[in-house]
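Readers should treat all values here as calculations from the given coordinates under stated rules, not as data from a laboratory. It should be emphasised that the depicted structure is a prediction, and the values quoted were computed from it without experimental measurement. Backbone-built Cβ (ideal geometry, glycine too); neighbour counts: all protein chains shown.
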Amino acid sequence: MEWAALTLALVLILGLALARALRDRQSLGPARAGDPAAPSRTRPGDPELTPEDAAELARELAAAERDGAAALEVLLDRRLRILTSRRIPLRAIRSAPGPHTGRLAFADSTVLLGRARRPGELYRLAIAVPEQSVTIKSWTQEVEGAVLHLVWGQEQAEVIIVGLDQAD
């Protein structure tokens, strides 16, 4: 019975993905340059920008993104320090948007989005969580993001933190 339900769910997901792909393809219409039927990238009522205004807007948006990234990095740093120093255990790994990404839910309601550094490590963690106490041994800041070194028993895994998330 479980296989039938899983098969039905898989068929529904594939059908929805196909329908969405077809809808997106139809909404794009002709994509050749100079084609009068090609959709424009501006919406009715959007202001016209001069090249100077567009460049200034791009600079301002980049500056705002840098400021926001710095604030998020400070928030993540504080959360990781608390999780590490108090040895708060990982309670669950749930699905998350994006490929190879999971929600790491800790006992204090902190939820982080993470990707396994090596294939299969999120699965190993998901299997270990109900049976053992999985905690953060240490973490490092690397180019790809913060890397958590999780331990349980004699096992360990590394997870790259993509960002903060909220509890469901």
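Starting from the Cα of residue 138, step 7 Å along the direction of its Cβ; do the same at residue 54; then give the gap between the two resulting points in nm.
So the label points at residue 138 and residue 54 sit 4.9 nm apart.
Which of 14, 164, 76, 150 comes first, and how do the rest follow, when ranked by fewest Cβ neighbours within 10 Å?
In order of increasing Cβ crowding within 10 Å: 14, 164, 76, 150.
For residue 117 and residue 63, what is the calculated FRET efficiency with R₀ set at 25 Å and r taken between the beta-carbons, to the nearest 0.05?
0.20
Within region 137-168, which GluC sites (Glu not before Pro) sit in a loop by DSSP and count at most 12 neighbouring Cβ atoms inside 10 Å?
144
Just want the ordering: 159, 129, 143, from fewest to most Cβ atoms lying within 10 Å of their own Cβ.
Ordered by Cβ neighbours within 10 Å, fewest first: 143, 129, 159.
With a point put 7 Å past each Cα toward its Cβ, work out how far residue 131 is from residue 86 in nm, to one decimal.
Going by the 7 Å Cα→Cβ label model, 2.8 nm.
From largest to smallest, what semi-axes in whole angstrom does region 65-165 give when each is the square root of 5 times an eigenvalue of its alpha carbon gyration tensor?
21, 15, 12
So how do 115, 23, 86 line up by other beta-carbon neighbours within 10 Å, fewest first?
23, 86, 115
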